[in-house]
1. Out of 191, 179, 184, 150, which single residue is among the hydroxyl-bearing types (Ser, Thr, Tyr), modelled with pLDDT of 95 or more and out of contact with any Phe, Trp or Tyr (no Cβ under 9 Å at 6 or more places or on another chain)?
2. Looking only at region 85-101, how many residues end up being touching a residue at least 40 places away in the same chain (Cβ under 8 Å) and away from the ligand (no atom under 16 Å from the Cβ)?
3. Could you list, in sequence order, the residues of region 199-245 that are away from the ligand (no atom under 12 Å from the Cβ), in contact (Cβ under 8 Å) with a residue 24 or more places away in the chain, closer than 21 Å to residue 186 by Cα and hydroxyl-bearing (Ser, Thr, Tyr)?
4. Using beta carbons and a limit of 8 Å, which pairs, at least six apart or on different chains, have the first residue in region 26-55 and surrounded by 15 or more Cβ atoms within 10 Å (Cβ to Cβ) and the second one among the acidic types (Asp, Glu) and not in a loop (DSSP other than H, G, I, E, B)?
5. I'm trying to understand the selection: among the residues of region 102-131, which are within 12 Å of the ligand (Cβ to nearest atom) and either surrounded by fewer than 22 Cβ atoms within 10 Å (Cβ to Cβ) or β-branched (Val, Ile, Thr) (or both)?
6. Suppose we keep only residues that are in a strand (DSSP E or B) and in contact with a helix residue (DSSP H, G or I) (Cβ under 7 Å, 6 or more places away or on another chain) within region 2-25. Which one would you say is surrounded by the fewest Cβ atoms within 10 Å (Cβ to Cβ)?
7. Which of the residues that make up region 148-195 are closer than 12 Å to residue 215 by Cα and not in a helix (DSSP H, G or I)?
Amino acid sequence: MNPIRKPIIAGNWKMYKTVTDGLALVTALKKELIGVNHADVEVVVCPPFTALYATGTMLQGSSIKLGAQNVHWEKEGAFTGEVAAPMLKESGVNYVIVGHSERRQYFGETNEGVNKRAKAALASGIRPIICVGETLAEREGGHTEKVLETQVRGSLAGLSKDHMAETIIAYEPVWAIGTGKTATTAQAQDTHAFIRGLLGKMFDETVARRARIQYGGSVKPSNARELMSQPDVDGALVGGASLEARSFADIIKNSI
Ligand code: PGA
């Protein structure tokens, strides 16, 4: 954690929670956070598309922000099943996850597509959370840095320095997602520092110093504090542990 970068804890609900479930979860989360001063930590929840609008209504007047889990790159059009950035914006969305490893793995998303989605989000005033991460085979084969460099360069291609001020990077080692295996704090710190160094080369030192890089992959209340204490870890993208108000609130509390 670094004083110039406000940590951001985002809950990725994935394909969980109906509208009713989502409303119950944010109601419980707001209750858990009563009396907790999290002004120094940004909190975001990312429900499925169907629950976005209702959840956003429930979040009005609170400091919890709303995120979506994907966005198409066109403003509108004949793209059955897709959702455009202006639609998200009007639904109250502030952030959108793009390039999550599940999207890359199961839906064939490429760095080029992730890049287009991120640009579309930025054009609508939505902050993209761009996910990158290596598989276990890639880490064990010693290819982590090469894989991440390709993903970061491809996903951020053509973004301006101003865009970078609005962009979050989530480092999520694929082998740590939903597996209960967390990267060690040293692995997380080293990899975050590598990504930050890369941003320095691609943009400049100011961009690198200001960029928020979240860690994701089996973040829980029990490991949040140690991960967040690392100098280059600026928050967490939380899956499983964000589906329950108490555990998500505990992660927030342990990140303050
Ligand atoms: P997890 O998921 O916390 O359940 O490992 C993280 C993510 O996929 O963003």
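The values are calculated or read from the model by the stated rules, or taken from the named source; none is laboratory data. The shown structure was predicted, so the numbers you read here are calculated from the model rather than taken from an experiment. Backbone-built Cβ (ideal geometry, glycine too); neighbour counts: all protein chains shown.
1. Details: 191 fails: out of contact with any Phe, Trp or Tyr (no Cβ under 9 Å at 6 or more places or on another chain); 179 fails: modelled with pLDDT of 95 or more; 184 fails: modelled with pLDDT of 95 or more.
When all the criteria are applied, what remains is 150.
2. 4
3. 229
4. Once the first residue is surrounded by 15 or more Cβ atoms within 10 Å (Cβ to Cβ) and sits in region 26-55, its partners that are among the acidic types (Asp, Glu) and not in a loop (DSSP other than H, G, I, E, B) give 51/21.
5. 102, 103, 104, 105, 129
6. Step one: filter region 2-25 for residues in a strand (DSSP E or B), giving 2, 5, 8-12.
Narrowing further to those that are in contact with a helix residue (DSSP H, G or I) (Cβ under 7 Å, 6 or more places away or on another chain): 5, 9, 11-12.
Working: 5: 16, 9: 27, 11: 29, 12: 26.
By that ranking, first place goes to 5.
7. 168, 169, 170, 171, 172, 173, 177, 182, 183, 184
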